[in-house]
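Just so it is clear, none of the values below were taken in a lab; they were calculated from the coordinates. Everything quoted here is computed from the prediction, not taken from an experiment. Note that we place each Cβ from the backbone using ideal geometry, even for glycine, and neighbour counts take in every protein chain shown.
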């Protein structure tokens, strides 16, 4: 626990460090929100019974938690880019499933939590892109 506290202290000692930490924390929270919705749909809304899609929802939940934890513990450009790609792929999967179907499953904008998940994922994508840019620019100016 003390190493986590010292990690936080080091990251907020500079204005740049605080800015990237806040963006990464916000991105992690948004990612956790999206992942929770996927778990809820899998667990309570019956998505677990949809071939292929059910396993993908479960995998999204597990991966989202792990990536969110990595975002706040690693706090480097590569994990911000991984998280950005993860959120982008989740968005693409959702948009494909509502527009033309995916793996034989056609979803809808009227499905439970569809709009909430979409808004969370758009927000996460924007925040994580911004975090990636800030981390990249901070790294360039530090050298």
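Treating r as the C-beta distance of residue 138 and residue 73 and R0 as 25 Å, the FRET efficiency rounds to 0.90.
In degrees between 0 and 90, to the nearest 10, how far off the longest principal axis of the chain does helix 53-74 point, with axes built from Cα atoms? Approximately 10 degrees, to the nearest ten. Packing, taken as the mean count of other beta carbons within 10 Å per residue, orders the peptides 127-135, 90-98 from highest to lowest as 127-135, 90-98. Using all pairs of distinct alpha-carbon atoms, the Kirkwood hydrodynamic radius of region 14-142 works out to 15.0 angstrom.
When shorter helices are ignored and each DSSP H run of at least 4 residues is given -39500 (n - 2.57), the per-residue value for the chain at 222 nm works out to -28000 deg cm²/dmol. Take every pair of alpha-carbon atoms less than 8 Å apart whose residues are at least six positions apart; their mean separation over the length of the chain yields a relative contact order of 31 percent. For the chain, the longest principal axis of the alpha carbon atoms and the long axis of helix 114-142 meet at an angle near 20°. Length available on full extension from residue 81 to residue 106: 0.36 nm per residue minus the Cα-Cα distance, which gives 6.1 nm. Seen against the Cα atoms of the chain and their longest principal axis, helix 2-11 is set at about 80 degrees.
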